[in-house]
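The values are calculated or read from the model by the stated rules, or taken from the named source; none is laboratory data. Because the structure is a prediction, the values reported are computed rather than measured. In this analysis, Cβ positions are derived from the backbone assuming ideal geometry, glycine residues included, and neighbour counts consider all displayed protein chains. Keep in mind that these areas ignore ligands, DNA and RNA; they rest on the heavy atoms of the full protein, side chains included. Shrake-Rupley method; radii C 1.70, N 1.55, O 1.52, S 1.80 Å.
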Amino acid sequence: MPNNPESGEGFASGTIDLGGLQVYQISSFTKVWATNEGGPDNLGATFFEPASIPEGFFMLGSYSQPNNRPLFGWSLVGKDVTGDPSGGALKQPIDYTLVWSSEALQIKQDGPGYIWLPTPPDGYKAIGHVVTNSPEKPSLDKIRCIRSDLTDVSVIDAWIWGSEKGINVYASTPTDRGTQALGVPTGTFIAQIIGSELPLACLKNVKANSSAMPNLSQIQALVQAYSPWIYFDPNEQYLPSSVGWFFENGALLFEKGKESEPVSIEPTGSNLPQGGSNDGAYWLDLPVNGSTKDYVKKGDLQNAGVYLHIKPVFGTTFTDITIWVFYPFNGAARAIVEFISISLGKIGEHVGDWEHVTLRISNFNGELKSVYFSQHSKGIWIDAWELEFENGNKPVTYAALHSHAFFPKVQGNKGIGIRNDTGKGKIVMDTGVRFLVVGAEYLGSTIVEPPWLNYAREWGPNISYNTADEINKVAKALPGKLKKAFLNSVQSLPNEVLGEQGPTGPKWKDNWSGDERV
């Protein structure tokens, strides 16, 4: 965890005030009950309650996770700071309902387990279950319910465990995860009887503001602590550059109807059209001169930097640091059919390529919780415990050959589809060496957005060849048994892979203000 550069600031101070409800993140647990079968990989799940709860705080729900992973989780505990004894943020439940018991199950387990649903008083809601290893009802002082206006709608997230007797256990998460959303994940779980409604709510930060978010010096400390190392495939020809280098080395702005009169671009993009929409009126392209074009395609890794967008998520209880990498050119794709590698010719090539990784950091303590790896039009979240690290806390990222899709591990290629060749060679980029914060709306005028960020059109031209014809040329060379499967696989891929047109810039992606696509 990086040091908090400015003590007394709200970020990484340990607690966050949600509006009369102060919450604290607990990462130490006491085991209550476990089963050793069912769930992911049929390894069972373990149920815990938070341990070492600070004075004045109360449990809001038990914690559970599948046994196919080491213990790496957290749960929120709450403290009423309203000073209102009658209508405070927290109240004891008035009773419990037994949701489920393992008594009758013939499974590998540590004795019987019981899952209880708190009955909240009027005007309050339960956001977590209580798990016991005894059939006796838990103490009413065991848990607290939340005043209704401090809660939001909860939905199920990752599957934790399930039994043949009709219950499934899921992680709980807020419905909306965008930058303006107020829902707060609690680290609790939802035990759902199949066919029934979800019984629990989640928290809501009605006081959401920038007080829990990192300031600029704290952002810099976080980047220095967690900036990923990007390894490029040893055969990669097309490497990143800075946006300024791309412009200064001959990139051109084209306007529809004036294709014969492209103009050079200022280093900051100050002469690019600003705002609007991606209406096809403008696009960028490589230099016209052949040798210069080939030179720019290859990028300039030695002086390349990355561009950061800092945004609140989950009601300002987490910070996402999105690290954008720009490439002047995306190389041609290759496909694999079983163990045969096939060149796809021009398919996959396009000018301008924006890829990103996102660091998700707890605003309670500044710890890295997970990393998102963009892969064409979608991507994957990987918890911090699953990541490969170098040089302390630097997550290792692998960029696929030509496509530049990001992966947390070296990729194997089998079956049918686009190859994602990755390798750990000598070509590596430490994203913490040169970075520029280009967006952090909550910091107001502290961050000045560069003009190129507000260019809404494409960073490359539409290609002139027929993609379907190119794919069919490849398919003709395949035996009939593989031809149909290959066509279905390749033609279902998004435009970002097939290279039908250049991409828009970071600010015009839906994850700029929303959550990442998965």
Once both label points are put 7 Å beyond Cα along the C-beta direction, the Lys108-Thr82 separation in nm becomes 4.7
Cα extents of region 99-209 along the principal axes, largest first, in whole Å, come to 49, 29, 23
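Near Lys426, within a Cβ-to-Cβ distance under 15 Å, what is the net charge of the other residues, with Lys and Arg +1 and Asp and Glu -1?
Taking every other residue near Lys426 into account, the sum is -3.
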With label points set 7 Å from each Cα along the Cα-to-Cβ direction at Ile194 and Leu98, the distance between them in nm comes to 2.2
Of Phe246, Phe389, Phe29, ordered by accessible area with the largest first and a 1.4 Å probe, the sequence is Phe389, Phe29, Phe246
Residue-normalised 222 nm signal for the chain, counting each DSSP H run of n ≥ 4 as -39,500 (n - 2.57), nearest 500 deg cm²/dmol, is -2500 deg cm²/dmol
Magnitude of the Cβ-charge dipole (Lys and Arg +1, Asp and Glu -1) of the chain about the Cα centre, nearest 20 debye, reported as 960
Between the residues Tyr295, Pro262, Val306, the Cα farthest towards the positive end of the dipole of region 249-317, that dipole coming from +1 and -1 charges on the beta-carbon of Lys, Arg, Asp and Glu, is from Val306
About its Cα centre, region 281-435 carries a charge dipole, from +1 on Lys and Arg Cβ atoms and -1 on Asp and Glu Cβ atoms, whose size in debye to the nearest 20 is 180
Of the candidates Gly187, Leu18, Ser86, the farthest towards the positive dipole end of the chain (Lys/Arg Cβ +1, Asp/Glu Cβ -1, centred on the Cα centre) is Gly187
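Filter the trypsin sites (Lys or Arg not before Pro) in region 176-276 down to the DSSP loop ones having no more than 14 other Cβ atoms within 10 Å, then list what survives.
For trypsin sites (Lys or Arg not before Pro) across region 176-276 that sit outside H, G, I, E and B with at most 14 neighbouring Cβ atoms in 10 Å, the list reads Lys256, Lys258.
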Distance in Å, no decimals, from the C-alpha centre of region 189-233 to the one of region 287-336 is 24
Taking a crude spin-label model, label points 7 Å out from Cα along the C-beta direction, the Thr30 to Ala51 distance in nm is 0.9
Scoring only Lys, Arg, Asp and Glu (+1, +1, -1, -1) among other residues with Cβ under 14 Å from the Cβ of Ile380 yields -1
In degrees, nearest 10, the alpha-carbon axis of helix 216-226 is tilted away from the dominant principal axis of the alpha carbons of the chain by 90
Lys and Arg at +1, Asp and Glu at -1: neighbours of Thr397 with Cβ under 12 Å from its Cβ sum to -1
For Asp510, the accessible surface traced by a 1.4 Å probe with all protein chains present amounts, in square angstrom to the nearest 10, to 80
Once Gln237 and Ser377 are pulled to full extension, the length gained, defined as 0.36 nm per residue separation minus their Cα-Cα distance, is 48.2 nm
With 0.36 nm assigned to each residue of separation and the Cα-Cα distance removed, Leu140 to Gln274 gains 42.3 nm
Percent of all alpha-carbon pairs of region 13-134 at distances over 25 Å, whole number, is 31
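About the Cα centre of region 111-211, what is the dipole size in debye to 20, counting +1 per Lys and Arg Cβ and -1 per Asp and Glu Cβ, all else neutral?
Details: 9 positive and 9 negative charges, 44 e Å.
Around 220 debye, computed over region 111-211.
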